[in-house]
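The values are calculated or read from the model by the stated rules, or taken from the named source; none is laboratory data. In this text the structure is predicted, and so the values were computed from the model without any measurement. A quick note on method: Cβ atoms are made from the backbone with ideal geometry, for glycine too, and the neighbour counts reach across all protein chains shown. The protein model used for the area step is the full one, side chains on, heavy atoms only, and it has no ligands, DNA or RNA in it. Shrake-Rupley method; radii C 1.70, N 1.55, O 1.52, S 1.80 Å.
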Amino acid sequence: MNRYDFTQPGGFPFDQGVLQFMQDCINTAASAANLSGPLSILSGCVVSGGSVSNGLVVINGEILPFTGGVAQAKVIITEEATALTFDDNVSRTVKYVRTAKFGDNGVSSYSWADFKRNTPEGVLARLDRIEKLTAPFKTGGGAWWWTGGVSNIPAGWREVPGWRGRFPVHFNPDDPDFAEGTTGGAKKVTMTSGNLIEHDHEQYVSVTDTTGIQVEANHLDGGSGRGLWAKLFGRTKTTGSATPDPMNILNPYKTGCWIEPIPGTF
């Protein structure tokens, strides 16, 4: 930061230029307030019931004392100008005291709801936490699910084409089908005989002979063995196709796309 060394002996040449230099240095330091955002609360401004205490706020990069009072929807800036009498006996307006307070002058006001309060950890600490949270996107490998349309992907982001038509599955080191980085699966599946349990279907006809499985005995001749019998004569005809159409095994879905930051953009 620019500075003067006031410790030199011999009578420091103090004039208006020196004062302007000092004020410029103060303005330079105060510009750091821009880091807090256009509308922010640096200290105080504690809400209690329907009132707000005095405090310190930033409005468009300008640090201002805040005069509290009954909470209102709008905040304005007031300026009180004071004139001083110079050595030439001329009164000139040179002192300006600016203050923020509740009110609405119908010309320039700010919504109280838009003022953001800094946390005790500080702006830089909060930014550091955000950077850590977003590290997967910055270093690569992180993607975000987007349903706003490919043509509306935000600036600085791009589609990840390798994910087209695929579902994400968490890898499993104990299952080779889900080893890290592998792909698999299919939209449709074709059944084979290997997918079926072995079975057949028997067919019977009714006969009066003593052949096959007796269904009903002949009660008229004292149980001579004759009556109603079921006889196996064949099996059902093979049905279906030797080359069946694949079955759709997709779950209900809604499409979107995975997007990632373009390297070097952020």
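Numerical summary
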| quantity | calculated |
| --- | --- |
| Most positive-pole-ward Cα, A29, A100, A83, against dipole of the stretch 1-111 from beta carbon charges | A100 |
| Sulfur and carbon atoms: percent of accessible area, the chain [1.4 Å] | 55 |
| The chain: Lys pairs at Cα distance under 19 angstrom, eight or more positions apart or on different chains | 5 |
| Charge dipole (the stretch 105-198, unit charges on Cβ, about Cα centre) - positive-most of Y110, F167, G141 | Y110 |
| Isotropically averaged projected area of the stretch 1-75, using the convex hull of Cα atoms (one quarter of hull area), nm² | 7.1 |
| Directionally averaged shadow of the chain, computed from the convex hull of its alpha-carbon atoms, nm² | 37.8 |
| Using alpha-carbon coordinates, inclination of helix 16-30 to the longest axis of the chain, degrees | 20 |
| Residue-normalised accessible area of the chain, given per residue in Å² at a 1.4 Å probe | 77 |
| Packing-based order for 176-185, 129-138, 70-79, using average beta carbon neighbours within 10 Å, highest first | 70-79, 129-138, 176-185 |
| Cβ-placed point charges (K, R +1; D, E -1), dipole of the chain about Cα centre in debye, nearest 20 | 400 |
